[in-house]
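Below: the structure, in structure tokens.
The values are calculated or read from the model by the stated rules, or taken from the named source; none is laboratory data. As the structure is a prediction and not an experimental result, all values here were calculated from the model. Here the Cβ is made from the backbone with ideal geometry for all residues, glycine too, and neighbour counts use every protein chain on show.
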Ligand code: NAD
């Protein structure tokens with residue numbers, strides 16, 4: 001099928017990468033051309049060419065890279081996309097301010113979507129938090145996020161994005177992070193005053209929601225002009 005979008009999964013051996021590989025294989029509109037991980041342990045995952053992060057110059061032609069890796073792997077895939085004039089969808093969190101600036105620079109040449117969270121529920125939660133913050137002026141605002149013990153960054157990228165929404169509504173959020181067991185991701189935004197409390201909470205029970213959101217965004221981003229896109233621009 002010549003309308004297939006050629007994708008590279010970057011961070012393929014990870015928890016998100018595995019979900020992306022499985023769900024991408026179910027989509028006839030996507031052609032998975034390569035899987036990139038920090039190191040390659042065996043040379044093929046179900047017939048897909050595998051590359052180490054040091055081998056990005058050897059990638060076959062692709063339209064979009066989907067990156068769920070770690071900050072130390074991000075610069076390489078961003079450069080590879082700029083060199084190939086390919087789009088980048090990234091959900092990697094914990095990026096440095098310099099890396100955020102590098103995204104802004106790259107968007108003069110390629111389309112890029114970076115999002116702290118690819119779930120529809122969290123997109124709605126962001127709106128609710130902004131509305132609640134603006135209606136509950138002067139209340140304490142606390143964001144409590146819980147994730148599995150392997151998660152490296154804290155507070156989570158999603159907690160920081162929720163905090164930005166709260167600030168837009170006029171609140172001054174504080175953050176608390178819990179790392180326990182295999183929690184996929186929970187975010188509680190709590191507004192408290194004397195004698196009452198409002199709690200807004202999102203619980204992710206499967207990584208598939210993030211992977212599906214990223215694959216959907218990749219199909220919408222391919223072929224667009226250079227620029228920095230938001231998830232809400234690509235939800236249709
Ligand atoms: P993981 O530790 O299970 O996997 C990390 C992957 O990155 C592995 O494939 C590893 O080989 C690769 N990697 C590590 N260093 C690299 C390097 N230098 N170059 C290239 N690849 C490298 O992590 P995970 O749980 O799959 O999460 C991956 C990222 O996605 C994290 O930043 C996490 O916070 C983020 N995340 C985002 C969302 C979202 O919706 N935006 C959802 C879940 C996770």
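To keep it simple, each residue is scored yes or no on (1) surrounded by fewer than 17 Cβ atoms within 10 Å (Cβ to Cβ); (2) modelled with pLDDT under 95.
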| site | (1), (2) |
| --- | --- |
| 11 | no, no |
| 21 | no, no |
| 29 | yes, no |
| 34 | no, no |
| 41 | yes, yes |
| 44 | yes, yes |
| 57 | yes, no |
| 62 | no, no |
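Checking each residue of segment 102-113 against the condition of being crowded, with 21+ Cβ neighbours inside 10 Å and more than 24 Å from residue 6 (Cα to Cα) gives no match.
Applying the criterion of being surrounded by 12 or more Cβ atoms within 10 Å (Cβ to Cβ) and in a loop (DSSP other than H, G, I, E, B) to the residues of segment 207-229, the residue that is farthest from the ligand (Cβ to nearest atom) is 226. Under the condition of being more than 16 Å from the ligand (Cβ to nearest atom) and without any contact (Cβ under 8 Å) to a residue 60 or more places away in the chain, the residues counted in segment 186-200 number 10.
Checking every residue in segment 160-182 against the condition of being buried (at least 18 other Cβ atoms within 10 Å of the Cβ) and either at pLDDT below 95 or closer than 20 Å to residue 14 by Cα (or both) gives zero matches.
Counting the residues of segment 16-38 that are assigned to a loop (DSSP other than H, G, I, E, B) and either in the same structural domain as residue 156 (by TED's automatic domain parsing) or without any contact (Cβ under 8 Å) to a residue 24 or more places away in the chain (or both) gives 2. Residue check: is residue 9 closer than 17 Å to residue 220 by Cα, touching a strand residue (DSSP E or B) at 6+ places or on another chain (Cβ under 9 Å) and either in contact (Cβ under 8 Å) with a residue 40 or more places away in the chain or in a loop (DSSP other than H, G, I, E, B) (or both)? Yes; evaluated as a whole, the condition is true for this residue.
I'm trying to understand the selection: among the residues of segment 59-96, which are away from the ligand (no atom under 16 Å from the Cβ), under 16 Å from residue 34 (Cα atoms) and assigned to a helix (DSSP H, G or I)? Hit for segment 59-96 is 84, nothing else. Restricting attention to segment 136-169, the residues that are assigned to a helix (DSSP H, G or I) and touching a residue at least 12 places away in the same chain (Cβ under 8 Å) total 11. Evaluation of residue 30 against the conditions (1) within 21 Å of the chain's Cα centre (by Cα); (2) near the ligand (Cβ under 10 Å from one of its atoms) shows that the sole unmet condition is (2).
When 136, 178 are screened for being within 26 Å of residue 95 (Cβ to Cβ) and in contact with a strand residue (DSSP E or B) (Cβ under 8 Å, 6 or more places away or on another chain), only 178 passes. When you look at residue 122, is it crowded, with 22+ Cβ neighbours inside 10 Å, on the phi < 0 side of the Ramachandran plot and either modelled with pLDDT under 95 or not in a loop (DSSP other than H, G, I, E, B) (or both), yes or no? When the stated conditions are applied, residue 122 passes them.
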